[in-house]
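Step one of this worksheet: look at the structure below.
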Amino acid sequence: MSQPSPLFENPKRERFFLFALAGIQFTHILDFMIMMPLGPQFIKALSINAHEFGWLLSAYTFAAAIAGIFATYYVDRFERRELLLRLYICFIVATVACGFAPNYHLLFIARACAGAFGGILGSLVQTIVADSIPFERRGKALGTVMAAFSVSTVAGVPLSLFLANHIEFLGWRAPFIFIGFVSLVILYIGYRNIPKISGHLHHVHEGSRFQQIYQIAIAHHHLRAFLFMGLIMITGFSVIPYIALYLTANVGIANSYISLIYLCGGVATLVSSRFIGHMADRYGKVLVFRVLAIVSLIPLIVTTNLVPVPLWVVLINSTAFFILISGRMIPAMALVSQLVEPKIRGTFMSLIGSIQMLASGLASVLAGVIVTITAEGKMEHYNLVGYGAAICGLLTFWLVGYMHSDSKK
């Protein structure tokens, strides 16, 4: 598999480049994640049930999945930087529109628009990293960019919850307006620090665009990658969207402590992301993924079976959950990004992004169908969701071996 040529002679420039990409990841991940801890507020303010809340979450993911499929037609035919910044502007507009939506139905539409642009951004950022950073250093680079998940939980989610709880005239709208302002700053940083990336444009593509995409989509090793990434997302996102609801309704955690839970998990994952990336580069991405995949099942099962316990027990378990569930993605994405040549990497990663979003959307909807809220306000059957997620996690342990062998071809 060919390696990208170095874009940066100065390591400092590479760091600013990765920081800009991490900033874009931070804002679109935060835009998705903020819906989860705000679940109790949305259910109350919009007079909806858990199933309707699941659909509100899935509006983002399903739109991102569909947009990713459409993106395959053009993502490898445009210069990466220009496409990234233009999509980011559209994402900012859609996110701010969420903050001004007057009712559930218009919020659903605005979330779908934000998801459409945010989903493409996610796969495009990963494509740019794969195009720019050699495979032997890619785990650490992806760890830096994917630390955006951690930063969003460390600073973004608690701050957004604070704004939603303390700016009374805005309420749940405040976080979306906040994300819009932060995104404008990141847009400027990206404009200044992301270089032109056009090496993929020099390759000659044979046949019609539909035939090219079809051949990429049906290749056996690509299908295994799609299944692998889909199962990874189902493992996490059948459980994650309902953590806040379960902790407040069943475990007895006060709503005011939900931001603390995300803060502790975010700080820990912020520290662990680069370390996990370094370990993946040093000891092998398959080995590190398999260790994380197995160990992550412990806090996953505990999370979905928790009974009323002290806050410190919840904090230890939830922090381990965030570290391990998010940590799996670092070696996984490094392996998957190496399966294809640069000339089709944008198309392939767009399809990967669509699978990720589709799987996470289906996971939250199916979990919303399984779990029920009793007349007393308790959640039931969350443990069944956890057992199903654990089975998917075990399947990824087996499938990752194919990612390793396919990446050598």
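The values are calculated or read from the model by the stated rules, or taken from the named source; none is laboratory data. All figures in this text were calculated on a predicted structure; none of them were measured in a lab. Note: ideal-geometry Cβ built from the backbone for every residue, glycine included; neighbour counts use all protein chains shown. Please note that ligands, DNA and RNA were not included when accessible areas were found on the heavy atoms of the full protein model with its side chains. Shrake-Rupley method; radii C 1.70, N 1.55, O 1.52, S 1.80 Å.
Please compute the per residue accessible area over the chain with all protein chains in place, 1.4 Å probe, rounded to a whole number of Å². It would help to have the intermediate numbers written out before the result.
Values: 16530 Å² over 409 residues.
Accessible area per residue, the chain: 40 Å².
Expected output is a single nm value to one decimal: the length gained when fully extending between Leu366 and Gln41, i.e. 0.36 nm times separation in residues minus the C-alpha distance. What is it?
114.9 nm
Relative to the present Cα-Cα distance, how much length would full extension add between His220 and Ile294 at 0.36 nm per residue of separation? It would help to have the intermediate numbers written out before the result.
Working: separation 74, 0.36 × 74 = 26.64 nm, distance 2.58 nm.
Here the answer is 24.1 nm.
Percent relative contact order of the chain, based on C-alpha pairs within less than 8 angstrom and at least six residues apart? Numbers along the way, then the final one.
Details: 670 pairs, mean separation 119.1, N = 409.
Once normalised by length, the contact order is 29 percent.
With springs only between Cα atoms under 10 Å apart, run a GNM on the chain and tell me which of Pro308, Pro241, Pro134 wobbles the most.
Pro308
Given a 1.4 angstrom probe, I'd like the percentage of the accessible area of the chain that is carbon and sulfur, rounded to a whole number.
70 percent
For segment 384-389, in order, what is each residue's ³J(HN,Hα) by Karplus, 6.51 cos²θ - 1.76 cosθ + 1.60 with θ = phi - 60°, in whole Hz (x at glycine and Pro)?
Coupling constants for segment 384-389: 5, 4, x, 5, x, 5 Hz.
For the chain, what is the number of Lys pairs with C-alpha distance below 18 angstrom, counting only pairs 8 or more positions apart or on separate chains?
Lysine pairs meeting the criterion: 9.
Modelled label-to-label distance, Val309 and Val271, 7 Å Cα→beta-carbon offset: nm?
For Val309 paired with Val271, the spin-label model returns 2.0 nm.
In deg cm²/dmol and to the nearest 500, what is the mean residue ellipticity at 222 nm of the chain if only DSSP H runs of at least 4 residues count, each as -39500 (n - 2.57), divided by the residue total?
Numbers: 18 runs with 305 residues, N = 409.
Calculated from helices alone, the mean residue ellipticity at 222 nm is -25000 deg cm²/dmol.
Compute the label zone of Cys90 within segment 18-48: residues whose backbone N is under 16 Å from the point 7 Å along Cα-to-Cβ.
Answer for segment 18-48: 28.
What spacing in nm lies between the two simple spin-label points modelled at His51 and Arg77, each 7 Å away from Cα in the Cβ direction?
Result: 4.2 nm between the two label points.
Taking GluC sites (Glu not before Pro) as candidate sites, keep only those in a DSSP loop with at most 11 other Cβ atoms within 10 Å, then name the longest stretch of the chain containing none of them. Each step should come with its number before you reach the end.
Working: sites that count: Glu9, Glu168, Glu206, Glu376.
The segment 207-375 is the longest one with no such site.
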